[in-house]
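Here's the structure we're looking at; comments come further down.
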Amino acid sequence: MSTVTQKYDEVKNFVGGQFKVNGQQKMEVVCPLDGSTLSNVPLSGMKDLSEAVEAAQTAFPAWSAMTVKERVDILFNYRQLVKDNVEMLAQLVHEENGKMIGEARAEVMKSIELTEFACSMPQMVSGQIMEVSKGVECRVERKPLGVVACISPFNFPHMVPHWTVPNALALGNCVILKPSEVVPLSAVKMAEMLKEAGLPDGVFSVVNGDKEIVEALCDHPGIEAVSFVGSTNVAKIVYRRASSNLKRCVALGGAKNHLLVMPDAHVNMTAANVVASMAGCAGQRCMAAAAMVAVGDVSHIIDQIIVEAKKIVVGENLGSVISKEAKERIEKYIAEAEAAGAKILVDGRNATVADKEGGFYVGATIIDHVKPEMNIAKEEVFGPVLSIIRAEDLDQALEIENSSNYGNAAAVFTQSGGTARYVMEKASAGMIGVNIGVPVPREPFSFGGWNESKFGVGDITGESSIEFWTQLKKTTTKWNPEAWTNWMS
């Protein structure tokens, strides 16, 4: 562990309502903006996880026995605490993730929206009751699973935990959060604020760590369900391991989102949206524009895309990527594409920011004449890089989009309703945009892709998540022995 002075206190696990350190190995938490040390984080193991599971199992009977309204009252208190501390939380996201402060602020605001959706659960899960036959009633209620786990990634350290934690808590589960070990600071504040809001001890835990603790979450017999957000390779491993241990699992993976640009598209709107989708959050989001399919002659739009891309300046309106390794990997993809014959229109390699030479920056990059068989066209780059692939017509463009292993998002830019409808029907993706570069659904609509962008049934947010975090209890009652009966009663 580094002895360099760090800005924040060391990160601790949060178990039983208390922050604890059990002598685990530590890992340095580095600020990607300048390479400075922010903190250090424990790398927990099965023993640490078992302590959290035991605390959750102890808390579960009382927590699950509360009414939904009583539980969401606590979440509403929490929502107000987040709202009162947006700037502090945004600053933390900015420092540990490297995104711009405005992007970090928007992330925290989205967390508030997600919590507000969880607060609507009394209206969403009121149950059903019906007289199914004379004198016989059937009642259907949703019941929590028990102790569940949420594994979140580095790219949205505050928002992605709010995809799962508020809903799972509102529905009566006890939750163990495993944040990415490179961005653990937002999870610390989440634990502090939930406790301040009135959440009983043991209902929410944070267990930090790397691969070992992820495997432990998949293996522990006391955990009923696991949600995961991260790369496709790891999502597959988590899904297989958790489901082989008879747990529910939904695992969101990576993406290679295609934006289909038609010749009739509005030039300025399209160029601005494509570049914003490509460069927002330094391209480190699974809804980023990774590939633009230029359908026919769209040179006038590409010219404007170049203009827009050159307005993106590292350190001013473009944040850092997460690590030195990420920067090297992204720049390797660019170099490989160039060597294979692609044309670099805007080159973001070797970017630096004055007085932050230790940071990890890649500038906005536009690459034209990328072939579908190139690695940069097939694999998730996860950086501010747009690959332009040429297609003669819309059907060829859709063939390119459909051939991707991923299926998170696809979008079309056009002024033709018929063209838009055709793409909406034919694109192989779970989220479709029309003249929108980042087609993320808002609550109550759910987030989730297709193909190798998601493993498991259902989506991770919105109404679809209710099914994942609960199980149905069906009760049939009869109290009147004199009631007329038939074969059903």
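The values are calculated or read from the model by the stated rules, or taken from the named source; none is laboratory data. What you see is a predicted model, and the numbers here were worked out from it, not measured in a lab. We place every Cβ from the backbone using ideal geometry, glycine too, and count neighbours over all the protein chains shown.
Details
- Single match in SER231, SER244, SER323, SER227 (criterion: out of contact with any His (no Cβ under 6 Å at 6 or more places or on another chain), of a type outside the set (A, V, I, L, M) and in the same structural domain as ASP368 (by TED's automatic domain parsing)): SER323
Residue-by-condition table, conditions (1) under 15 Å from ASN13 (Cα atoms); (2) surrounded by fewer than 24 Cβ atoms within 10 Å (Cβ to Cβ):
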residue	(1), (2)
PRO179	yes, no
VAL182	yes, yes
GLY209	yes, no
PRO221	no, yes
GLU224	no, yes
GLY230	no, yes
LYS236	no, yes
ASN245	no, yes
LEU252	no, no
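- Tallying residues that are more than 22 Å from the chain's Cα centre (by Cα) and loosely packed, with under 15 Cβ neighbours inside 10 Å within region 77-94 yields 2.
- Any helices (runs of 4 or more DSSP H) falling wholly within region 203-298 and containing at least 1 residues that are under 30 Å from GLN396 (Cβ atoms) and touching a Phe, Trp or Tyr at 6+ places or on another chain (Cβ under 8 Å): 232-244, 267-279
- Selection count where residues are touching a strand residue (DSSP E or B) at 6+ places or on another chain (Cβ under 6 Å) and hydroxyl-bearing (Ser, Thr, Tyr), scope region 45-87: 1
- Filter result for ASN40 (touching a Ser or Thr at 6+ places or on another chain (Cβ under 9 Å), exposed (fewer than 15 other Cβ atoms within 10 Å of the Cβ) and in the same structural domain as GLN57 (by TED's automatic domain parsing)): no
- Answer residue from region 117-143, given it is in contact with a Lys or Arg (Cβ under 6 Å, 6 or more places away or on another chain) and outside any loop (DSSP other than H, G, I, E, B) and is surrounded by the most Cβ atoms within 10 Å (Cβ to Cβ) among those: VAL136
- Restricting attention to region 186-202, the residues being part of a loop (DSSP other than H, G, I, E, B) and under 18 Å from the mean Cα position of the chain (by Cα) number 0.
- Exactly one residue among SER231, SER244 is among the hydroxyl-bearing types (Ser, Thr, Tyr), more than 21 Å from the chain's Cα centre (by Cα) and over 23 Å from LEU169 (Cβ atoms), and that residue is SER244.
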